[in-house]
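Reading through the structure tokens given below for one structure.
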Amino acid sequence: MEDMKDIQWFPGHMAKTRRQITKSLPLVDAVAELLDARIPLSSRNPEFDRLTGRKPRLVILNKADMADPNVTDRWMQYFKKQGAAVITADSKNGKGINKFGAALRELLKERLEMLAAKGMRGRPIRVMILGIPNVGKSSLINRLAGSKRAKAEDRAGVTRTQQWIKTSDGVELLDTPGVLWPKFEDREVAVRLAMTGAIRDDTLDKEALAARLLALLHESYPAAVEARYKIPQDAEGTGYELMEQMAKNRGMLLGGGVPNTERAAITLLDEFRGAKLGRISLEPPEKA
Ligand code: G4P
């Protein structure tokens, strides 16, 4: 896992990333944009379109195992309308990965037919994987590569630049994924990334973050919140007040029966990130 904080997103680093992508782009037939299915907007790189130009695009809605399947379906329609191919994936367990090759072949159908007409049938499809830190790039690559990846790395004397990782279905991946930056300057984006745990929350006010999350969950998934924290679906109040209720219902109390909202905040964030509340999406496509 890469950590957003370990990567210095200073202008020089961003310029270097841009250069690397521009350099690699002519080598690939398509780009695979990895997004977190729970927050497809916030996990996008603001420059993605500009960086990848007219390269055919496969959108992978990753961590789909944790996202609301109905919302994910709507996101699939959204990206299809934009002309991209779309698949969902659970790269942790390898679910959905088998659709990768077929989706790419469909996306590149005309180009592959043209190459076949020129006698270049069977040439592997080459792809670059791109995404922000923690979205699941390494998990996906490992899943797609199976055991072959380790072999490629073991060969002595092979230059680390531009290696291709073969997948089982005729696709080759550029071995180093493009690590992109999110739209940090947008406060809402930073908040959603922190909610899902994509960025560390040690510099954030955990209680404020959790209060916002609880308000959002209570509004969009009231039944899940009631089932787990016994907060009635028609309960009213601010996120902070809901968190006080949650603390009381869970017996998280300080001296004098004061609700321990700090503990409740940590519990809520942990349980949400661990998908204990069920499959939940924080961003519907209607907001895009
Ligand atoms: P990156 O290369 O883009 O930075 O992401 P990486 O593959 O390291 O994945 C980041 C975290 O997200 C990892 O969890 C990984 O297991 C998890 N992950 C990746 N894809 C999926 C997915 O489709 N579904 C789910 N549920 N999780 C996914 P971690 O906490 O760092 O490690 P661990 O819990 O696997 O030990």
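Structure notes:
- Helix-derived mean residue ellipticity, 222 nm - over the chain, DSSP H n ≥ 4, -39500 (n - 2.57), to 500: -12500 deg cm²/dmol
- Residues whose amide H lies under 5 Å from that of VAL59, counting only those 5 or more places away or on a different chain, are GLU33, ALA85, VAL86, ILE87; hydrogens are built 1.01 Å from N in the peptide plane.
- Additional length obtainable on full extension of the chain from ALA102 to LYS287, 0.36 nm per residue less Cα span: 63.6 nm
- Here the contact order of the chain, divided by its residue count and restricted to Cα pairs under 8 Å and six or more residues apart, works out to 22 percent.
- Sorting THR203, THR88 by the number of Cβ atoms found within 10 Å of their own Cβ, with the fewest placed first, yields THR203, THR88.
- Between PRO259, ALA85, VAL189, the Cα set farthest toward the positive side of the dipole of the chain (charges on each charged residue's Cβ, about the Cα centre) is that of ALA85.
- Rounded to 5, the percent of DSSP beta bridges in the chain classed as antiparallel: 20 percent
- Within a Gaussian network of the chain (alpha carbon springs, distance under 10 Å), most fluctuating of ASP186, ASP73, ASP29: ASP186
- Separation in nanometres of the label points that stand 7 Å from Cα toward Cβ, at SER138 and LYS276: 2.6 nm
- Reachable lysines from LYS118, criterion Cα separation under 19 angstrom, eight or more residues apart if same chain: LYS109
- A Förster distance of 25 Å, applied to the separation of the beta-carbon atoms of ALA117 and ASP169, puts the FRET efficiency at 0.70.
- Extension gain (nm, one decimal) between GLU262 and THR238, 0.36 nm per residue minus Cα-Cα: 7.1 nm
- Fewest-first sequence of HIS13, HIS218 by Cβ atoms within 10 Å of each Cβ: HIS13, HIS218
- Ratio Rg/Rh, restricted to region 2-175 and using Cα atoms, in which Rh is the Kirkwood radius: 0.95
- Percent RCO, i.e. relative contact order, over region 205-287, from Cα pairs under 8 Å lying at least 6 residues apart: 32 percent
- For LYS23, a cut-off of 21 angstrom between C-alpha atoms picks up these lysines, skipping any fewer than 8 places away in its own chain: LYS55, LYS137, LYS166.
- Likely footprinting exposure, PHE48, PHE100, PHE79, fewest C-beta neighbours within 10 Å first: PHE48, PHE79, PHE100
- Length released on extending from ARG18 to LEU254, taking residue separation times 0.36 nm less the Cα-Cα span: 79.9 nm
- Rounded, prolate or oblate (a/c below 1.5 giving rounded, otherwise prolate when a/b exceeds b/c) for region 205-287 by Cα gyration tensor: prolate
A short reminder: the numbers here are calculations on the coordinates, not readings from a lab. Because the structure is a prediction, the values reported are computed rather than measured. Here the Cβ is made from the backbone with ideal geometry for all residues, glycine too, and neighbour counts use every protein chain on show.
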